[in-house]
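One structure is given here, and the rest of the page talks about it.
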Amino acid sequence: MTCPDKPGQLINWFICSLCVPRVRKLWSSRRPRTRRNLLLGTACAIYLGFLVSQVGRASLQHKPTAERGPRQSRDTAEAPFPEIPLDGTLAPPESQDNGTTLLPNVVYITLRSKRSKPANIRGTVRPKRRKKYALASLVPGQEALVGPSLQPQEAARAADVEVPGYIQRGNLAKVGERPWSLIRGPGVRVGGSDTQLPKARESNIRIYSESSPSWLSKEDIRTMRLLADGVVAGFQPVSSKSQAHLMVLEGSTSGSMPGCGPNPCGLVKQPLDMSEVFAFHLDRILGLNRTLPSVSRKSEFIQDGRPCPVILWDPSLSPTNNETHSSVQLTWGAYQQLLKQKCWQKGRVPRPEGGCTEIHHHEWSKVALFDFLLQIYNRLDTNCCGFRPRKEDTCARNGLRPNCDNQDSVALAHILQRKHDPRHLVFIDNKGFFDRSEDNLNFKLLQGIKEFPESAVSVLKSQHLRQKLLQSLFLDKVYWESQGGRQGIEKLIDVVEQRAKILLTYINAHGAKVLPMNE
């Protein structure tokens, strides 16, 4: 019997010399098997079993390499590194020059940093995002123009309409715009290769919930997306005096628009007119539904890429007078007489001698309430007779302020109707002013108004105006960011909420009626 030379073997030999005689004596003697003897015997038996397993494993490791060469190569192909996780937490064994692989005596564990993203597990099926592209022609084999491929002149010739004064997008490509591209319908190859469709980009109208706000219709959302994300085909100045431009968008619509051919158009105004976007959302929240959809958009061709309001161009509006931009010619005196006549209220046909127009009596209540909240003066008070104007106001720049001595002869402006709906007004040129102090509000806008719309007053009383405005204005990403985010939007809402309180006090003090106006 050889004496073991390693400390581990010495310990094993010593324990075995103690355990084996002890176990044999316990099981062969006639003494009663106490609980202590049983536990000690069981422990020795377990330890002997462990030693036997170690001896077997050591014998396998010391076998000649030639005996297990083919087997090792086959097992390596099946499982490269047995007992090593596949995620790489343990280092693989080192390879020698002769191609053999030896298991290391020391296992190095690498500590990985915590994942910031979920692991990409094989077999995970991710849904493919289907990209939608608007094609002018969906018939296979027929050429379709997509993206910036539709020339304004071609659209005008197709609709037999002359479009003068366009800024062609093909010429604007010199300043960095992407070139024109011609693609064909589905399933058709161009030049032997598949057509590359443009990448879908994020919309400037962001809706993260399952549905849009209840006060915005599906048509409103569709129009907002068109004005905010539509491909621009060209620009056309509205007039030589006005700084506004008509933006022609690609996409076919039913009918044609003046100066736009078969394409939809948007009226691009100055960056100082950004309150038009706020006015649109306020109009929808109050339930008036009298303004045209308006969004904020950046255009590299106008105002050096600064955000500008873009308002839908509606071809159904009645022709207007060039001086007052109104389809109905009214002075302040005639307007006050109309309010007393209550034209078309409760379905009554007005008398011919009453001087009534086709506009319903309730429309004037909606105009007055809307204009007071935003302090819009260029509709009912074009000469700024109801407040102290600033030098920047239109009435002061045009020298109209001294004409307030004879207010009855002052003409109203922007009184507009649709051709197919003369009973209702359309609110245009809704530039509001949020820097008007409370001691300089224009109460002349409320003169002669004895009834107010119930839908709007209920919103002002519900204490939910702020929440709805935040939710609605957040949809327009460009406008939200241009006003300084939520902090800037909150300041605008503070002004409107304070004016709403003043308006409610005015209604109670003057005994005005609050009526449903849903005719």
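The values are calculated or read from the model by the stated rules, or taken from the named source; none is laboratory data. Predicted model only: the values in this text are computed from it and were never measured. Please note: Cβ atoms are built from the backbone with ideal geometry, for glycine as well, and neighbour counts cover all protein chains shown. The accessibility values were calculated without ligands, DNA or RNA, using every heavy atom of the protein model including side chains. Shrake-Rupley method; radii C 1.70, N 1.55, O 1.52, S 1.80 Å.
Structural remarks
- With every protein chain in place, the stretch 330-515: carbon and sulfur % of accessible area (1.4 Å): 48
- Relative contact order of the stretch 218-312, taken over Cα pairs closer than 8 Å and 6 or more residues apart, is 26 percent.
- Normalised per residue, the accessible area of the stretch 218-312 is 36 Å², obtained with a 1.4 Å probe and no contribution from ligands, DNA or RNA.
- In this structure, the amide hydrogen of Phe452, modeled 1.01 Å from its nitrogen in the peptide plane, lies closer than 5 angstrom to those of Lys513, Val514, Leu515, counting only residues at least 5 positions away or on a different chain.
- Accessible surface calculations at 1.4 Å, restricted to protein heavy atoms, place the stretch 316-465 at 47 Å² per residue.
- Taking a ≥ b ≥ c as the square roots of the eigenvalues of the alpha carbon gyration tensor, the stretch 218-312 is oblate, as a/c is not under 1.5 and a/b does not beat b/c.
- Asp439-Glu353 pseudo-label distance in nm [points 7 Å out on the Cα-to-Cβ vector]: 4.9
- Lys298 long-range amide H proximity, modeled H, under 5 Å: Cys308
- Where labels lie 7 Å past Cα in the beta-carbon direction, separation of Ala396 and Phe50 in nm: 9.5
- Peptides 301-312, 280-291, 332-343 ranked from most to least packed by the mean count of surrounding Cβ atoms within 10 Å: 280-291, 301-312, 332-343.
- Using the average count of surrounding beta-carbon atoms within 10 Å as a protection proxy, the listed peptides 495-503, 472-480, 352-360 rank, highest first, as 472-480, 495-503, 352-360.
- Rounded to whole numbers, the Karplus 3J(HN,Hα) couplings from phi for the stretch 483-490 are 8, x, x, 5, 4, x, 5, 4 Hz, using 6.51 cos²θ - 1.76 cosθ + 1.60 with θ = phi - 60°, and x at Gly and Pro.
- A straight line joining the Cα centroids of the stretch 483-509 and the stretch 323-396 runs 23 Å.
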